[in-house]
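Read the structure below first, then the notes.
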Amino acid sequence: MFEILATHQREIEDELRERVQFFFAANNETPESVSIEMKIAKPEQLNGLSTIHILVKDACTGTTLLRI
């Protein structure tokens, strides 16, 4: 599974970014930016936990709307 995620990491990040932007557009919001960062841990690493960080900024004020 790790190899599949690592191989397609950029594609997964791009698709997730598009889906987040679509969600905001469907709710009549236009964020300034949506950034996605995935950190994939190998199973043998200490805790084996992978993360996805999502940051959405407001188009008008530049303030952070959402940080997950």
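The values are calculated or read from the model by the stated rules, or taken from the named source; none is laboratory data. Computed from a prediction, not measured in an experiment: that's the story for all the values here. Note: ideal-geometry Cβ built from the backbone for every residue, glycine included; neighbour counts use all protein chains shown. In case anyone asks, the SASA skips ligands and DNA or RNA and just uses the protein heavy atoms, side chains included. Shrake-Rupley method; radii C 1.70, N 1.55, O 1.52, S 1.80 Å.
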Subset of segment 46-57 [more than 18 Å from residue 67 (Cα to Cα) and open to solvent by less than 100 Å² (accessible area, probe 1.4 Å)]: 48
Subset of segment 22-45 [assigned to a helix (DSSP H, G or I) and either exposed (fewer than 13 other Cβ atoms within 10 Å of the Cβ) or touching a helix residue (DSSP H, G or I) at 6+ places or on another chain (Cβ under 9 Å) (or both)]: 22, 25, 26
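Just a yes or no: is a residue in segment 6-21 outside any helix (DSSP H, G or I) and surrounded by 10 or more Cβ atoms within 10 Å (Cβ to Cβ)? Steps first, please.
As a first pass, look at segment 6-21 and keep what is outside any helix (DSSP H, G or I): 8.
Checking which are surrounded by 10 or more Cβ atoms within 10 Å (Cβ to Cβ) leaves us with 8.
There is at least one residue in segment 6-21 that is outside any helix (DSSP H, G or I) and surrounded by 10 or more Cβ atoms within 10 Å (Cβ to Cβ).
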Within segment 2-16, identify whether any single residue is modelled with pLDDT under 85, of a type outside the set (Gly, Ala, Ser) and in contact with a Pro (Cβ under 7 Å, 6 or more places away or on another chain), and answer yes or no. yes
